[in-house]
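*Asks:* Got a structure here, written out as structure tokens. Questions coming.
Values quoted throughout were computed directly from the atomic coordinates according to the rules given, and no laboratory measurement underlies them. No experiment lies behind these values; they were computed from the predicted model shown. In this analysis, Cβ positions are derived from the backbone assuming ideal geometry, glycine residues included, and neighbour counts consider all displayed protein chains.
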Amino acid sequence: MRDLSITLVQANQIWEDKAANLQHYTELLGSITETDLILLPEMFQTGFSMNAERLAEKMEDSFSISWLKQQAKEKNTAFYTSLIIEEHGNYYNRGVFVEPTGNITCYDKRKLFGMAEESVHFTAGSKEVIVEYLGWKINLQICYDLRFPENIRNGEIEGKPLYDLLLYVANWPERRIHHWSTLLPARAIENQCYVAGLNRIGSDQLGHTYTGQSKLINLLGEELSNLSNSESIITCSISYLNQFEIRDKLPFLRDSNYRSFKN
């Protein structure tokens, strides 16, 4: 199994201005030459807004998704991020995993942030989503999902782990950044997998400040990369072979309660 290179784009976001955000990302992405997967923050082209009805797009004619598909094709890399999507009269904080081929895998955020009334304006997703890309099994997550490990408990079925990598894209505020920095390695250790957590920086019109601290962590809870409070980009490779060898020496997943996986 080949290694996987992951690029974390820790960016500021312009409040509810899609065109300005897309232009800003275009400029940031110009420095990226070769990678397998690029992460952009939660609600990447609006910021964490509850104005769902005004800002939502539909999957079939979303210009933001068209932009992601074009970037994925040009850079020959996959993207993972989230945006506001309207479907059948409901609004979702929808994660989209966009491959260079144009194929899209969707994950609707299951745990909605009640303190911001996200649960009032959005409909929660109901399914775990694991996408297979370049041989890696990748579990798609969004921000507040990080606090609820019961939804993503890894295990083995017929000797094979359910997934190898967890992705979190977030707008996680500075006032609770210690929780972010604590829970990310916890998810890596308990699920014996790599974890990539991508957070934004800057501030929004609601008075929240964001200090980044985006990280890539291995299954031992060790940081492979850590971005501080600045707009920055980092690319780091993760090794499937190394993870396999550690799992083999420390077979904790085999001792877990196996669970059935429903797509």
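*Asks:* Mind computing the radius of gyration and Dmax over the alpha-carbon atoms of the range 13-135? Å is fine for both.
*Replies:* Gyration radius and largest Cα-Cα distance of the range 13-135: 14.2, 41 Å.
*Asks:* What do you get for trypsin sites (Lys or Arg not before Pro) in the range 8-87 restricted to DSSP loop and a cutoff of at most 14 other Cβ within 10 Å of the site's Cβ?
*Replies:* Sites meeting the loop and neighbour criteria: Lys58.
*Asks:* Provide the gained length on full extension for the span Thr26 to Glu74, in nm with one decimal, where the gain is 0.36 nm per separating residue minus the Cα-Cα distance.
*Replies:* In short, 16.1 nm is gained.
*Asks:* Turning to a different aspect of this structure: With just the Cα atoms of the range 155-263, tell me how far they stretch along each of the three principal axes, in Å, largest first.
*Replies:* Result for the range 155-263: principal-axis Cα extents of 49, 27, 23 Å.
*Asks:* Please give the helix 177-191 orientation as an angle from the longest Cα principal axis of the chain, in degrees from 0 to 90, rounded to the nearest 10.
*Replies:* The angle comes out near 40 degrees.
*Asks:* Moving on to the next point. Distance between the C-alpha centers of the range 123-172 and the range 1-74? Whole Å please.
*Replies:* 20
*Asks:* On to the next question. I'm spelling it out carefully: the read-out is percent of Cα pairs over 30 Å apart, the candidates are (i) 22; (ii) 34; (iii) 28, and one was derived from this structure. Which label?
*Replies:* Identified label for the calculated read-out: (i).
*Asks:* So, one more: From the gyration tensor of the Cα coordinates in the range 95-221, what semi-axes in whole Å does the equivalent ellipsoid have, largest first, with each one equal to sqrt(5λ)?
*Replies:* After diagonalising the Cα gyration tensor, the semi-axes are 24, 18, 14 Å.
*Asks:* Then there is this: Using only the alpha-carbon atoms, how far is helix 63-75 inclined from the longest principal axis of the chain? Give it as 0 to 90 degrees, nearest 10.
*Replies:* Orientation of helix 63-75: about 50 degrees from the principal axis.
*Asks:* Okay, next question. Would you please calculate the Kirkwood hydrodynamic radius of the range 186-243 over all C-alpha pairs and express it in Å, rounded to one decimal?
*Replies:* About 12.5 Å, per the Kirkwood formula over Cα pairs.
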